[in-house]
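Any read-out appearing in this document is the output of simple, stated calculations on the displayed coordinates, not a laboratory observation. Values in this document were obtained by computation on a predicted structure and should not be read as measured data. Backbone-built Cβ (ideal geometry, glycine too); neighbour counts: all protein chains shown.
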Amino acid sequence: MPSGKVKFFDADKGFGFVSGDDGQDVFLHVNALPAGVETLKGGTRVEYSVADGRRGAQALSVKVLDPAPSLSERHRKPADDMSVIVEDVIKLLDGVSSSLHKGRYPDKAQAAKVAAVLRAVADDIEA
């Protein structure tokens, strides 16, 4: 059974291509994916059978061998580092909360900095 890597897969259009280990590019339709799989990332290793379609070789009965590595997980901060960051954010928000209890919003510059920090921490947590 041939194997290769997914060159690209467009979930909206329902197809993509596999670059076979033998150098042959093979058409990949969403219907050939395993049950429960609706899309594949580029670089995902797959095994498949090949049939001649109207426009050339087409992958059938695709089996995912190794999922593509997640870039966000490779760049994710360690949990220990994130716990320190979250504690600092809590201190920052305590200061904002104290001002709000006194009836004052933070000035524009401080509000922009707080918002930027919150967005950055949210992105790190969600990664």
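Data table
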item	result
Which labelled figure in [x] 1.09; [y] 1.19; [z] 1.71 is Cα Rg over 2.2 N^0.38 Å, once derived from the coordinates	[z]
Added length on full extension, which subtracts the Cα-Cα distance from 0.36 nm per residue, LEU100 to ALA122	5.7 nm
Likely footprinting exposure, ARG45, ARG54, fewest C-beta neighbours within 10 Å first	ARG54, ARG45
The chain - percent relative contact order, Cα under 8 Å, separation 6 or more	18
Beta bridge orientation in segment 3-66: antiparallel %, DSSP, nearest 5	95
Two-site FRET efficiency, GLU38 against MET82, from Cβ-Cβ distance with R₀ of 22 Å, rounded to 0.05	0.10
Cross-link pairs LYS77/LYS113; LYS41/LYS113; LYS77/LYS102 - those with Cα-Cα distance over 24 Å	LYS41/LYS113; LYS77/LYS102
Dipole magnitude of segment 1-41, debye to nearest 20 (Cβ charges: Lys/Arg +1, Asp/Glu -1, about Cα centre)	80
Lysines whose Cα lies under 28 Å from that of LYS108, excluding same-chain neighbours fewer than 8 positions away	LYS91
Lys, Arg +1 and Asp, Glu -1 on Cβ, resulting dipole of segment 47-127 about Cα centre, debye, nearest 20	440
